[in-house]
């Protein structure tokens, strides 16, 4: 089964609006990462948040992590049509190993209408 | 800096045939991953290499899938014989420098008829 699950599965908004995607996971993690995938392309890393961090920003992206609830959220502010893509959360499980191994959720398909 | 290179980008084969995918990671990246992404799903890890050694192949269907990274640089993933359910995009990724971030190639899309 998938380690992380994104919610909602699909999100449709207008340009300029904010988009929020959520991710829930099951077991302890070293870090949680968000990736973006344009149709027919590979995944691109957006942001990484470590288990001892609660919030992180990168440009128009804001990620939060609540380890007590085993959940994370990705906020994209002032969205643009070019933000249309699938967004995946990925968890690096805490197994006492330094070798990262990411488990991906099913993703949220974001559509931003001009 | 060159990214992760994969080939071929597209492959169509009949069931029971064989296919091989090639990946060249970012120079200097010790860790290489192969993921399988079925349409509408997230990537699923098949195998992870650290240099030329296998770290995790627990989700690799070993009766038909094999992978190697002989010199600790590029890697090949083979499927023999292919089944209809192997239709997917095969993504190669690499990581290095301890950041935890994975760099993905564009993927190889396999269609099994």
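The values are calculated or read from the model by the stated rules, or taken from the named source; none is laboratory data. Bear in mind the structure is a predicted one, so any value in this text is a computation, not a measurement. Cβ coordinates were reconstructed from backbone atoms using ideal geometry, including for glycine residues, and neighbour counts include every protein chain displayed.
A compact table of results
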quantity: Elements of type strands (runs of 3 or more DSSP E) in the range B:44-113, at least 1 residues being closer than 21 Å to residue A:32 by Cα; calculated: B:44-50, B:53-56, B:88-95
quantity: Members of the range B:16-43 found to be closer than 14 Å to residue B:78 by Cα, more than 10 Å from chain A (Cβ to nearest Cβ) and either assigned to a strand (DSSP E or B) or in contact with a helix residue (DSSP H, G or I) (Cβ under 6 Å, 6 or more places away or on another chain) (or both), listed by number; calculated: B:19, B:20, B:21, B:22, B:23, B:34, B:36
quantity: Pairs, first more than 9 Å from chain A (Cβ to nearest Cβ) and in contact (Cβ under 8 Å) with a residue 40 or more places away in the chain in the range B:81-98, second assigned to a strand (DSSP E or B) and surrounded by fewer than 17 Cβ atoms within 10 Å (Cβ to Cβ), C-beta under 9 Å, six or more apart; calculated: B:87/B:111; B:88/B:44
quantity: Test: residue in the range A:81-91 that is more than 20 Å from residue A:18 (Cα to Cα) and in contact (Cβ under 8 Å) with a residue 60 or more places away in the chain; calculated: yes
quantity: Candidates B:42, B:107, filtered to the one that is at pLDDT 95 or above and crowded, with 18+ Cβ neighbours inside 10 Å; calculated: B:107
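So that you can scan it fast, the table gives a plain yes or no per residue for (1) within 11 Å of chain B (Cβ to nearest Cβ); (2) more than 14 Å from the chain's Cα centre (by Cα); (3) exposed (fewer than 12 other Cβ atoms within 10 Å of the Cβ); (4) outside any strand (DSSP E or B):
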| position | (1), (2), (3), (4) |
| --- | --- |
| A:6 | yes, no, no, no |
| A:11 | no, no, no, no |
| A:21 | no, no, no, no |
| A:24 | no, no, no, no |
| A:27 | no, yes, yes, yes |
| A:31 | yes, no, no, no |
| A:36 | yes, no, no, no |
| A:45 | yes, no, no, no |
